[in-house]
Amino acid sequence: QVQLVESGGGLVQPGGSLRLSCAASGSIFSISVMGWYRQAPGRQRELVATMRSSGSTIYADSVRGRFTIFRDNAKNTVYLQMNSLKPGDTAVYYCKAVIAIGTGTVKADYWGQGTQVTVSS
């Protein structure tokens, strides 16, 4: 019904930049929230940044000022621009969206498959 496809992960040196993207497709009526979470080995999944359709955002303290989330609502796509990357940012990054499907009466959370980001020299 709904699929989230992520891209843009990879290996980058400390201080470098990466941009992640996540495109939602399928029987989508509306998307209220799109965002990014990450999970490092041995740690719980944590919120990185989210953006509502209104444009309001939430950032984790650890990334505020370095990461920027933005959306293209016409393309059902969310991006995460990551600058000044640190080794501590190494994790699998997951896209999440709150999507109403069909006629809009059913709303659920959908997750992408994850994309690896490794920050290392």
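The values are calculated or read from the model by the stated rules, or taken from the named source; none is laboratory data. Every value quoted in this text rests on a predicted model; they were computed, and no experiment measured them. So basically every Cβ, Gly included, is an ideal-geometry build from the backbone, and we count neighbours across all protein chains shown. What goes into the accessible areas is simple: the full protein's heavy atoms, side chains included, and nothing from ligands, DNA or RNA. Shrake-Rupley method; radii C 1.70, N 1.55, O 1.52, S 1.80 Å.
Each Lys or Arg adds one and each Asp or Glu subtracts one; over the other residues with Cβ under 12 Å from the Cβ of residue 99, this totals +1.
The phi-based Karplus calculation (6.51 cos²θ - 1.76 cosθ + 1.60; θ = phi - 60°) puts the 3J(HN,Hα) values of the range 16-25 at x, 10, 9, 10, 9, 9, 9, 10, 9, 9 Hz, whole numbers, x for Gly and Pro. What is the distance, in nm, between label points placed 7 Å from the Cα along the Cα-to-Cβ direction at residue 103 and at residue 116? With each label point 7 Å from Cα toward Cβ, the separation is 4.6 nm. About its Cα centre, the chain has a charge dipole of approximately 120 debye under the convention of +1 per Lys or Arg Cβ and -1 per Asp or Glu Cβ, with nothing else charged. Overall, the accessible surface of the range 11-84 at a probe of 1.4 angstrom is composed of carbon and sulfur to the extent of 48 percent. In summary, the lysines within cross-link reach of residue 86, defined as a Cα separation below 26 angstrom excluding same-chain residues under 8 places away, comprise 96. Divided by 2.2 N^0.38 Å, where N counts the residues, the Cα radius of gyration of the chain comes to 1.04.
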